[in-house]
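Comments concern the structure below.
Please treat every number below as a calculation from the coordinates, not as lab data. Since the structure is predicted, the reported quantities are computational estimates derived from the model, not experimental observations. No Cβ is skipped: glycine too gets one built from the backbone with ideal geometry, and neighbour counts run over all protein chains shown.
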Amino acid sequence: MSASGLGIATARRRYAGNRLYPDSYEAIHMQKILFDLRLVLRQLVKSPGFSVTAVLMLAFGIGATTAVFSVVEAVLLRPLPFPESDRIMVLADRIAGVNVGPNNEVGVTVPDIKAYTRGTHGFSALGGYQGTGFELSGNGEPAQINATRLTTGIFPALGVQPILGRFFSADEDEKHQQVTLLSYGAWVNRFHSDSKVLGTKILLNRKPYIVIGVMPKGFEFPLVPGQINRSELWVPMSFTEGELAPVAAANFSYHMVGRLKPGSSAKQAEADAEVVAQEIMRGYPAMIANLRISSVVRPLQEETIEQSRSLLRTLFLAVAVVLLIACVNLAGLMLVRALRRQRDIALRLAVGARTSALLREAILESLALSLTGGLLGLGLAALALAIGRSVLPESLPRVSEIGLDWWVVAFAVVLGVLTGLLCGLAPAFAALRTDVIGVLKEGGRSGTVSGAHARLRSALVIAEIAIALVLLTASGLLLRSFEKMREVNPGYRPDHVAAASYGLPQRQYAKQAQIDTFNRELLDRLKLMPGVTAAGLTSLLPTGGSNNNQTFVVDGYTPPKGADMNLATVTHVIGDFFPAMGIPLERGRYFTPDDRAGKQLVMIVNHRMAEHYWPGQDPIGKRVRIGTPEMQTPWITVVGEVADVKLASPDQPVVAQYYEPVDQEEEGAGALASPTDLNGNGGYIVVRTTMPPVQMENAIRATVRGLDPLLPLTRVQSMDEAIALSEAPRRFNTVLISSFAFAAVLLAVLGIYSIIAFSVASRVQEMAIRVALGSQRSAIVSLVLGSGAKLAGIGCLIGLGGAAAASTLLRSLLFDVSPFDPLVLTLAAVGVLMLAVLASSLPALRAATVSPVAALRGE
C-alpha cells in the first residue's frame, strides 16, 4: 500500500475504533490533504526541471495577464475617483449637420453654461469648465503649466473637498477675483508641501493670484488622457468681455459636468436640458440664427474611457491568449508527467489506492505549481508596471491610478487557482483511465501509450498552434498597419525643423502694438540665428492634434441637400511659415509682406478644401466669407493652394483647412491665439535649419529670453519628434501585441517540442524495430516530421478561422489594412507551420539516431 493509503487507513482506524483519538471527520480530511501536499511537494522537488519550467511558464502568463488587467481595471472598470461617480454626468450640445467629435458632441458655449446652470432642474450641482494654460512665475524658474477654469458648480458636482483651504465662491467668480486652488502635486513639487501656502501670492501670466486651497492627493480634473495635460491648478471661470460678446455665442470650446439629483435619471435630465436648448436657440443673435442644437447627457465615466476601450480590450484578449497557451503547455507537461508515472499509478491502483486520492494529489500538484507561478507572476506584474507605466500611450486616461490594488491581487490569486484546476483535471483524468492489468503486464517496457492519451496530446498541440496563429495574425495586421501609416505623406518636410510654443501674458502685452513688436522682433532675431534658412510663427502646429472648426460661406457655392455646415480649420501665420515647414505650393503664391492691414484680404487653402468647394476648377481668385450667411463679413480672396497637412497623427483623415496672414487681422497684427484664451497671445515658433534641430533648443530659448527674460518656452522639439509622438499610441499597440505574439509563438513552439519529444520517446522500441528491419533513417525523420506537420496543418486551418473571426475586433486599430489581409494570413500560417516543423525536427533527428541494439536491450 502507498504511503498515502497507509496514512489514511491509520486515521480511519483511529476514528472508528479508538475513542482516545477524538478527531473529527473534518480534521481527518485536513490531515489527508496536508499529507498529500507534503508528498506532492517532495515529488516536485525531485523533478526540478519540470517544476521550474512549469512555474516560469505560468509566472510569465499570469504576470502579463495581471499587468494588463491592472491597466484595464484602473481605466475601464474602476469607478471614477469621486463619491457616487455613477451620478456625475456630462452635458453637451449636438449641432444639426455637424459631424465632429465623439457622438457628434461639440461642447457648449458661454450662453449655454449660463442658461443650463440657471434653467435645468435635473442636477443638484452643475458647472462649466475650460482647459487653459498659464505662465507661472514668482516661485522659482518661470514655467508654462496647464490649468482649468471653472464655474462654482464644478466642485460640488464632483463631491470632493480640498485638504487645505476652501473653494472659491460665486461672488469671487462674478467679480473676477484672482484666486486659485493648487493640485496636490503642484503643492508638493512647487511649494514643498508648505502648510502655510494659503494666502500666498503667485504670478499667473504675471498677474497676482492668491492661493486659497489645495486639492487632495490623486484628485484630477478634467480627466484628460495621459499625464502631460493634467491640470496643476484651478481658477474661477470669470468670463471676459470677449466671451460675453454676441460673436462668442458660436464658440463651443467649453464643457459642462453635473451631478444628478436623487431620483433623477440621465434621460430625464437630458429631456429637461433639451427644453433649455430650445430657449437658447431662440436667443441666438442673427449671425448664428441658423444653428440647430440639441442637448445630450451621458455619464462622465463613459466619456472618459470611450477612446481607450477598444485598445484595452484588444490588449486584454492578446494577453489572455498568451495565458491560454501557457495553460495548454502546462496541461501538456502534466499529461506527459502523468503518463511517465503510469506504472506507479497502476501499481497504486492495484494495491487498493482510491481514485479520489490520486485525483486529489494531481490537483494539489497542479495548484502548487499554479499558485507558485501566480505569486511569482504578481511580482513580475509589479515590476512590469513600475517600468512600463512611463511608456504607456498618452491616449490612456487616469494613468496615475494604475497599480496593484487588492482587486488586482485577488485577480492574480483567483487566476492562479483556476489555472491550476483547469490544467490539472484533464491530465489527471487521463492518467486515471490507465489500464492497470495492461500496464503491469508491460512491465518496464516503453511501449506506445493508449490511443486516448495520444489523441489528447495531439489535441493540445493543435490548440497551441491555432491559438498562436490567431495572435500572430493580429500582430501581423498591426505591423502592416503601422508601416502603412509610416508611409503616409504628412504634407510637409519634417526634417531639420525645430518648433517651440510660447504665450504672451496679457498684462504685459495688453496692446496690440506690443504684440506686434514682440512677434516681428522675434522673427527678425530667429532669421539671424546661425543655420536658420526660414522662420515663421503659427497658431496651429501640425501633429498637435488640436483644431478649430470655423464656419464660412463660399461665393457661388450651393451645398447639396442635407449637407453638413461648411467647416474648416483656420491657421494664422506670420513670416516664412510655409518654407520653414516645407509645405509645397500647388497653385498661386505664398503670403508676402504686402498682405497687410488695409489691403485686399487674402487666404491660402489646402488641396482638400479646394477640391471640395471648387472641384475641377482653379481656386485662385475665388472668394470666401468667414461666419454664417447672416454675419455679412468681408469677402476674402484665395491667393494660393498648398498640399494637405496632417494636423494630427498620420493615420487621421485630412480636413479642410485655410491659412490667414496675421498682419490682416481686424485688430492689427500679431494675435495668434484665440481672443478668449487666458494665455493671451502666442503660438508656435517654427524654424528650418541646416543643423540638427536638437542643437537649436538653447539658441531658440536664448533668443526668446533676449526679448523677454521671464517668458518660458514649452515643448521645444523637432518635427520628427512631434511626428513620433503622434505615432506613439499606434506604435505602443503594435509593439505590445507583437511582443505577446512572439511570446505566444515561443510558448507554442516549446509546447510542441516537449509533446513531440515525449511522443518520440514513447515510441523508441517501435523506431528501433523499424531500423532493425531495414528502414532508412531518413524515413524515420520523415515519419516524425510528417506527424508534426500534420498536427501543425490542422492547427493552422483552425487558427485561420479563428484569426479571421478575431481580426474583426482589430478593425478600429487598423489603418489602410483589411482585417482579412491575405498576405498577413498567409505569412502567419506559413510561419507557424514552419516553426512547428522546426520544433519537431530535433526529436526527429534523435529518433533517427537511435541504436536498435541498445534500445531493445534496454527493454
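Quick notes
- What the Cβ-Cβ distance of Leu845 and Arg309 gives, at R0 = 35 Å and to the nearest 0.05, is a FRET efficiency of 0.10.
- A simple charge model with +1 on the Cβ of Lys and Arg, -1 on the Cβ of Asp and Glu and nothing else charged puts the dipole of region 198-264 at about 240 debye relative to its Cα centre.
- Relative intensity, log₁₀ I(q)/I(0), of region 557-616 from a Debye sum that treats every alpha carbon as a point, q = 0.13, 0.26, 0.30 Å⁻¹: -0.47, -1.28, -1.45
- Point-to-point label distance, Lys511-Lys267, nm (Cα→Cβ direction, 7 Å offset): 6.1
- As a ratio to 2.2 N^0.38 Å, the alpha-carbon radius of gyration for region 90-220 is 1.19.
- Cα pair distances in region 515-600, grouped into 10 Å bins until the bin that holds the longest one, percent each: 13, 34, 35, 14, 5, 0
- Candidate lysines - alpha carbon under 23 Å from Lys261, same-chain residues fewer than 8 apart omitted: Lys114
- Normalised by residue number, the volume inside the convex hull of the Cα atoms of region 144-212 is 96 Å³ per residue.
- Along the axis of the charge dipole computed for region 178-327 (Cβ charges of +1 for Lys and Arg, -1 for Asp and Glu, origin at the Cα centre), the listed residues Ala186, Ile293, Ser265 are led at the positive end by Ala186.
- D by Stokes-Einstein for region 580-645, Kirkwood Rh over Cα pairs, 25 °C, 0.890 mPa s: 192 µm²/s.
- Taking a straight line from the alpha carbon of Lys46, these lysines sit under 30 Å away, with near neighbours fewer than eight places off in the same chain left out: Lys32, Lys441.
- Orientation-averaged projected area, Cα convex hull of region 684-836 (nm²): 16.0
- Whichever lysines have a C-alpha closer than 23 Å to that of Lys646, once near sequence neighbours (fewer than 8 apart) are set aside: Lys484
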